[in-house]
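Working notes for the structure below.
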Amino acid sequence: MTGKSVIDDGIRWDRLDRERFDQMVEALLSRVHDKEGHEVIFPEGKGGDGGRDAIATVDGRTIVYQFKFYIDGLSTSGSSRKTQVKRSFKRALSHSPDEWVLVVPCKLTEPFRRLLRDLDKGNNVRVSCWDRPRLDSMFAKHLDLIALMKQDDLLTERARV
């Protein structure tokens, strides 16, 4: 089923907007990096974020997270989205990260997996992706974050009615 999370009655990715997606991922990253030796910041994106929606410092290593709100998948408008991902990666490289993580609320297509493997070559930067299955798995460890988001959704729906 398109957009349905693997978490039973969990996140409905197909109902999210970009702002909500960003909020959820920021909350998850705050939780993941709430450890000794970790720090995470979220640069203000107005005027450009330099290919960095979040920057985590983990025991002296820098991880740059780039959020791309491709809710309808990565095959739609494929070449345009590939160009956007490459451009974001190139901008992030100017900040000398040790790792670059693409975060998307959809499953990766094989062409995008190849693109990420190609970005990984010759840059001395580890490239990875948190796609919808990975996000589902990570949120499953933090069910309170899902409950918080659902509470906000319920209040919004009640206000609408």
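Scan the stretch 82-129 for residues that are within 22 Å of residue 23 (Cα to Cα) and in contact with a Phe, Trp or Tyr (Cβ under 7 Å, 6 or more places away or on another chain) and report the count.
Adding up the residues that qualify gives 8.
When both residues are 6+ apart or on different chains and their Cβ atoms are under 6 Å apart, which pairs have a first residue that lies in the stretch 85-96 and is open to solvent by less than 10 Å² (accessible area, probe 1.4 Å), and a second that is of a type outside the set (A, V, I, L, M, F, W, C)?
88/51; 88/66; 92/51; 92/52
Condition first: surrounded by fewer than 17 Cβ atoms within 10 Å (Cβ to Cβ) and not aliphatic (A, V, I, L, M). Now tell me which residues in the stretch 31-41 satisfy that.
31, 34, 35, 36, 37, 38, 39
Kindly list the number of the only condition in (1) surrounded by 13 or more Cβ atoms within 10 Å (Cβ to Cβ); (2) modelled with pLDDT of 85 or more; (3) not aromatic (Phe, Trp, Tyr) that fails for residue 110.
The one condition residue 110 does not meet is (1).
Given the conditions (1) open to solvent by less than 70 Å² (accessible area, probe 1.4 Å); (2) modelled with pLDDT under 95, and given that residue 6 satisfies all but one, which numbered condition is not satisfied?
(1)
Working carefully through the options 28, 102, 119, 115, find the one that is assigned to a helix (DSSP H, G or I), touching a residue at least 12 places away in the same chain (Cβ under 8 Å), under 22 Å from residue 141 (Cα atoms) and touching a helix residue (DSSP H, G or I) at 6+ places or on another chain (Cβ under 7 Å).
28
The values are calculated or read from the model by the stated rules, or taken from the named source; none is laboratory data. Source: prediction; values computed, not measured. As a convention, Cβ positions derive from the backbone with ideal geometry for all residues, glycine included, and neighbour counts pool all protein chains shown. Heavy atoms of the whole protein, side chains included, go into the accessibility calculation; ligands, DNA and RNA do not. Shrake-Rupley method; radii C 1.70, N 1.55, O 1.52, S 1.80 Å.
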